[in-house]
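J.: Before I ask anything, let me first share the structure, which is written out below as structure tokens.
The values are calculated or read from the model by the stated rules, or taken from the named source; none is laboratory data. The structure presented is a predicted model; accordingly, all values stated were derived computationally and were not measured. Neighbour counts are summed over all protein chains in view; Cβ atoms, including those assigned to glycine, are modelled from backbone coordinates with ideal geometry.
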Amino acid sequence: MNRRQFLAWAACAAPGLMAVAEPLRPVVMATGEWPPYTSASLPGNGLLCDLVEQAMARAGARPVWRFVSWPMVEKLVLEGQALAGLPYVRTQERAQRFDFSVPLHAGRTMLFYRVGSHAQQGHPKSLAELSRYKLAGPRGYWWEAELNRMGAELLYTSDEAAAFKVLAAGRVDFVPQDELVGLSVIAATLPGRGQEFGAMPLPVPQANEQLHLILSRRYPQAAEWRLRLDKALTEVLAEGQLDKAIAAYKASQQAAP
């Protein structure tokens with residue numbers, strides 16, 4: 001059997017071998033700095049970027065990451081310049097503009113406070129009770145509209161680090177933030193001062209805080225990619241590696257002085 005005959009036989013007898021040799025298709029993905037979930041300075045570009053990259057490989061794609069501002073993430077996805085952006089909580093407003101992937105992770109938004117403050121003693125049980133306190137954070141979070149509707153006093157900051165700095169200075173009572181992101185920000189911005197802060201859950205159902213990809217409706221073959229990604233993400237998530245990585249990260253941050 002000569003080489004040409006062998007290749008012809010292989011294509012018929014084992015078509016899967018030919019498929020494996022196909023290169024992964026580059027697909028533009030957009031995100032911003034939100035460690036430990038997404039960050040250009042972390043291994044794998046962060047916990048969720050690493051998860052998505054594994055799933056995309058199974059779906060036949062190779063992510064081309066674009067780290068930009070959060071408004072630019074949404075712009076790129078909306079205009080079809082990127083297939084997806086991450087991570088995002090599903091809201092009614094966002095659902096009008098984007099499709100959503102299967103949940104990547106059930107995030108938990110916490111109310112960070114200074115240990116010994118009156119905010120710690122108050123322990124608000126609802127968003128209505130929370131409106132009696134001063135809060136700080138950057139614009140764009142899913143809880144912003146609801147807290148504004150409740151009449152909460154929000155001090156807008158340029159980024160997450162600035163929010164924790166004004167909390168440390170006693171200018172506000174709480175900083176709403178994802179638990180892991182809050183721990184990361186404190187460690188990076190206020191090193192050695194982690195014991196000065198505590199956290200309690202934001203009083204909303206945790207189902208409201210699941211993190212997803214926002215998916216473009218205009219990116220080439222967007223509908224096909226959405227189906228392939230959802231299938232691949234479901235498979236990767238079922239293997240449990242993300243849960244182990246998140247547990248390890250949380251333990252490392254809580255053990256830090």
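J.: Return yes or no: is Arg228 exposed (fewer than 14 other Cβ atoms within 10 Å of the Cβ), in contact (Cβ under 8 Å) with a residue 24 or more places away in the chain, in the same structural domain as Val73 (by TED's automatic domain parsing) and of a type in the set (Lys, Arg)?
T.: Here the answer is no, as Arg228 does not meet what is asked.
J.: Same structure again: Residue check: is Gln241 at pLDDT 95 or above, of a type in the set (S, T, N, Q) and exposed (fewer than 15 other Cβ atoms within 10 Å of the Cβ)?
T.: It is false that Gln241 is at pLDDT 95 or above, of a type in the set (S, T, N, Q) and exposed (fewer than 15 other Cβ atoms within 10 Å of the Cβ).
J.: Being within 24 Å of Arg217 (Cβ to Cβ) and out of contact with any Asp or Glu (no Cβ under 9 Å at 6 or more places or on another chain) is the filter here, so list the residues in segment 92-139 that pass it.
T.: Gln92, Glu93, Ala95, Gln96, Asp99, Phe100, Pro103, Leu104
J.: Taking the condition of being of a type outside the set (Asp, Glu) and either in the same structural domain as Pro36 (by TED's automatic domain parsing) or in contact (Cβ under 8 Å) with a residue 60 or more places away in the chain (or both), how many residues in segment 146-184 meet it?
T.: The qualifying residues number 9.
J.: Of all residues in segment 188-201, how many are of a type outside the set (Gly, Ala, Ser) and outside any loop (DSSP other than H, G, I, E, B)?
T.: So the answer is 6.
J.: Scan segment 105-126 for residues that are in a strand (DSSP E or B) and not hydroxyl-bearing (Ser, Thr, Tyr) and report the count.
T.: 6
J.: Taking segment 206-219, which residues are within 18 Å of the chain's Cα centre (by Cα) and either loosely packed, with under 15 Cβ neighbours inside 10 Å or assigned to a strand (DSSP E or B) (or both)?
T.: Within segment 206-219, Gln206, Ala207, Gln210, Leu211, His212, Leu213, Ile214, Leu215 qualify.
J.: Here is a follow-up. Please go through segment 132-145 and pick out each residue that is without any contact (Cβ under 8 Å) to a residue 24 or more places away in the chain and surrounded by fewer than 17 Cβ atoms within 10 Å (Cβ to Cβ).
T.: Arg132, Arg139, listed by residue number.
J.: From the list Leu48, Leu17, which one is at pLDDT below 95 and part of a helix (DSSP H, G or I)?
T.: Only one candidate qualifies: Leu17.
J.: Could you list, in sequence order, the residues of segment 100-116 that are of a type outside the set (A, V, I, L, M, F, W, C) and buried (at least 17 other Cβ atoms within 10 Å of the Cβ)?
T.: Ser101, Pro103, His105, Gly107, Thr109, Tyr113, Arg114
J.: Being of a type in the set (S, T, N, Q) and touching a strand residue (DSSP E or B) at 6+ places or on another chain (Cβ under 9 Å): is that true of Ser131 here?
T.: Considered against the rule, which asks whether it is of a type in the set (S, T, N, Q) and touching a strand residue (DSSP E or B) at 6+ places or on another chain (Cβ under 9 Å), Ser131 comes out as yes.
J.: Taking the condition of being closer than 10 Å to Ile214 by Cα and under 10 Å from the mean Cα position of the chain (by Cα), how many residues in segment 84-106 meet it?
T.: Total meeting the criteria: 5.
J.: Same structure, new question: Select from segment 86-97 the residues that are touching a His at 6+ places or on another chain (Cβ under 9 Å) and either part of a loop (DSSP other than H, G, I, E, B) or not hydrophobic (A, V, I, L, M, F, W, C) (or both) and write down the one among them that is modelled with the lowest pLDDT.
T.: Of everything passing the filter in segment 86-97, Arg90 is modelled with the lowest pLDDT.
J.: Any chance you could count how many residues in segment 188-202 are closer than 15 Å to Ala251 by Cα and in contact with a helix residue (DSSP H, G or I) (Cβ under 6 Å, 6 or more places away or on another chain)?
T.: Residues flagged as closer than 15 Å to Ala251 by Cα and in contact with a helix residue (DSSP H, G or I) (Cβ under 6 Å, 6 or more places away or on another chain) within segment 188-202 amount to 1.
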